[in-house]
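Worksheet for the structure shown next.
Each reported figure results from applying straightforward, stated rules to the coordinates on display, with no laboratory input. The structure displayed is predicted, hence computed values, not measured ones. A quick note on method: Cβ atoms are made from the backbone with ideal geometry, for glycine too, and the neighbour counts reach across all protein chains shown.
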Amino acid sequence: MKKLIMGNHASAYGAKLARAEVIAAYPITPQTQTVEKIAEMVASGEMKAEYIKVESEHSAMAACIGASSAGARAFTATSSQGLALMHELLHWAAGARLPIVMTNVNRAMAPGWNIWSEQNDSLSQRDTGWMQFYCESNQEVLDTVIQAYKVAEKVLLPAMICLDGFSLSHTYEGVDIPDQEEVDAFLPPYDPELKLDVDNPKTFGAMIFPEWYYEMRYKMQSAMEDALSVIIDVDEEFGRRFGRKYGLVENYKCNDAKTIIISSGTIASTAKDVIDKMKDDGESVGLARVRVFRPFPKDEIRKIVQNAENVGVIDRNISFGHEGIFFSEIKSALYNASYRPNKLVGFIAGLGGRDVTYEDIENMINLTNNGDVNEVTWYGLKSDAIDERALVCSRNDSD
């Protein structure tokens, strides 16, 4: 069945098709329509699930942890400050090895108060032990929610599916919604070996002493490393069944490219148009779209850029005091590689929902290829706005 739906509803349909059994719902812009759509489906009987209306995002994750610990398939959705409020319990979910799936609609962090897209919310959670997927289209959102449950339940780690606020969450696209029977064949019911069970009691989350804690964390890291191959296998199976697959990193015309741009999310969609035009004009350029950020696909990145001379990374995020987060990770991945590009530069762009246009990306590619640029460039800054007065968020405009 093909439907014209927004990204938030694609996320909701993904949870329904995955037969999520417990939904913890707390609204926050621009994610709200995800839990609203699920509420409609549960109320109508179209989706069979326990729908819990909680008082905060912290409580939403707590409810998911309880449900998953009892052996139920749990789902929630959030954005920005809501994800930040969950931070404590994100560690708990991962440490407890619970395969919770959550969609996060990427939105800038406050203050100043901003509801538009930026990746700092999810990327500031990168060390919590959650797998992270970054989607380019509404179809990919739906498909990745379904895939994520299968991966999470194999490696026993939670998964976060990220989509750009408004660019996907509120934008309507044609999405193929598979038949429930087909998804059931792909994703069997969740039946964990260990769960809260009054007839078979066990202790969960108790005090653990130093002689065992260290090994627990090693096993989490091992599970993350194993997840790379599991994600590939699940994606390949999904492709055979449904005709769509995405991989860890999308290689878009990179095989013979001398200059490669690396990006994620919806910026990649615009970048593809730029690459197509520049290719037609005889330029040797390509695009690598990072879909899976945790676990980080180091070997895939190395393989894609092995013949490139120049690499530019577009980050819709910033690690304050350092640089763009994808840029840092990519530099780290290439440090011990057998081959490194001659030039590796980073661009900060699009923070707080600032448009990243066709012309912007074309300019960044040209700067990567030919320009005398700093290692990290804040692209598109308005020079007349960079002064102390303009940067004080709480100022009174009448002063």
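A few points about this structure:
- Across the alpha-carbon atoms of segment 162-214, the computed radius of gyration and Dmax are 20.7, 53 angstrom.
- Distance cut-off 20 Å, percentage of C-alpha pairs in segment 125-224 lying past it: 57 percent
- Trypsin sites (Lys or Arg not before Pro) within segment 32-94, DSSP loop, no more than 11 other Cβ atoms inside 10 Å: K48
- Local charge for E88 was computed over the other residues whose Cβ lies under 15 Å away, with Lys and Arg +1 and Asp and Glu -1, and equals -2.
- Segment 317-383: chymotrypsin sites (Phe, Trp or Tyr not before Pro) falling in loop per DSSP and having at most 12 other Cβ within 10 Å: F320, Y339
- Here is how the number arises for the chain: DSSP H runs of 4 or more residues each give -39500 (n - 2.57), the sum is divided by the residue count, and the result at 222 nm is -12500 deg cm²/dmol.
- P(r) tail fraction, segment 17-168 - alpha-carbon pairs more than 24 Å apart, %: 23 percent
- At most 12 other Cβ within 10 Å, DSSP loop - GluC sites (Glu not before Pro), segment 152-261: E193
- FRET efficiency, D299 to S44 (Cβ-Cβ, R0 51 Å, nearest 0.05): 0.65
- Counting Lys and Arg as +1 and Asp and Glu as -1 over every other residue whose Cβ lies under 10 Å from the Cβ of E237, the net charge comes to +1.
- Whole-number percent relative contact order across segment 2-242, with pairs defined as alpha carbons under 8 Å at least 6 apart: 25 percent
- Too-long pairs where the Cα-Cα distance tops 21 Å, listed order kept, from K37/K245; K154/K219; K303/K343; K272/K331; K37/K195: K37/K245; K272/K331; K37/K195
- Bridge type composition, the chain - antiparallel percent by DSSP, nearest 5: 20 percent
- Taking V105, V22, V373 in turn, the Gaussian network model of the chain (Cα-Cα springs below 10 Å) assigns the largest fluctuation to V373.
- Normalised convex hull volume, segment 92-181, alpha-carbon set, Å³ per residue: 95 Å³
- With bins 10 Å wide beginning at 0, the percent of Cα pairs of the chain falling in each bin runs 5, 23, 32, 25, 13, 3, 0.
- More than 19 angstrom apart: percent of Cα pairs within segment 42-116: 40 percent
- Calculated diffusion of segment 1-99, Stokes-Einstein form, Kirkwood radius summed over Cα pairs, 25 °C and 0.890 mPa s, µm²/s: 181 µm²/s
- In segment 249-385, the ratio of gyration radius to Kirkwood radius, Rg to Rh, stands at 0.93 when only Cα atoms are counted.
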